[in-house]
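Accompanying notes for the structure given below.
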Amino acid sequence: MTLYELSLEYEQTAAALRRRIVELEQERRQAENERLRQQLDRRLRPLRSMYRDTRAVARHLKGYYERVAPRRPVRPRGPWDYRRRS
């Protein structure tokens, strides 16, 4: 399994978490009892955190090999070196 394939699995997990979050939010809006709303809020908090973390990992893994290694600064080799310096 490649990191890209793993990122796709993380995306699927994130989608499932998002679906569950939407279901609980709808249930919370329809709840008439304040105590039930508070219970649903307590259930939603960790799910939202898990969703954010899962999405972040999926994005990181998806582009892991596409990132370019940082360039080392160019050192002048003498007065004859006309390379662009930054």
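Restricting to the stretch 22-62, count the residues that are hydrophobic (A, V, I, L, M, F, W, C) and within 21 Å of the chain's Cα centre (by Cα).
Qualifying residue count for the region: 8.
Could you list all residues from the stretch 17-26 that are touching a helix residue (DSSP H, G or I) at 6+ places or on another chain (Cβ under 9 Å) and either of a type in the set (K, R) or over 27 Å from A56 (Cα atoms) (or both)?
Correct list: R18, R20.
Using beta carbons and a limit of 7 Å, which pairs, at least six apart or on different chains, have the first residue in the stretch 43-68 and assigned to a helix (DSSP H, G or I) and at pLDDT 85 or above and the second one open to solvent by 40 Å² or more (accessible area, probe 1.4 Å) and of a type in the set (V, I, T)?
Taking only residues 6 or more apart or on different chains, the pairs are T54/T13.
This table checks each residue for (1) surrounded by 11 or more Cβ atoms within 10 Å (Cβ to Cβ); (2) of a type in the set (G, A, S).
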| site | (1), (2) |
| --- | --- |
| R19 | no, no |
| R28 | yes, no |
| E32 | no, no |
| Q38 | yes, no |
| L47 | yes, no |
| M50 | yes, no |
| A58 | yes, yes |
| L61 | yes, no |
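Given (1) modelled with pLDDT of 95 or more; (2) open to solvent by 100 Å² or more (accessible area, probe 1.4 Å), where does E9 come up short, assuming only one miss?
E9 satisfies all of (1) modelled with pLDDT of 95 or more; (2) open to solvent by 100 Å² or more (accessible area, probe 1.4 Å) except (2).
List the pairs whose first member sits in the stretch 1-17 and is within 21 Å of L44 (Cβ to Cβ), whose second member is among the charged types (D, E, K, R) and at pLDDT 90 or above, and whose Cβ atoms are under 6 Å apart, counting only residues at least 6 apart or on separate chains?
Within 6 Å, the pairs are A14/R55.
The values are calculated or read from the model by the stated rules, or taken from the named source; none is laboratory data. Everything quoted here is computed from the prediction, not taken from an experiment. Counting neighbours? That spans all protein chains shown, and the Cβs are built from the backbone with ideal geometry, glycine included. Just so you know, the surface numbers come from the protein's heavy atoms only, side chains and all, with ligands and any DNA or RNA stripped out. Shrake-Rupley method; radii C 1.70, N 1.55, O 1.52, S 1.80 Å.
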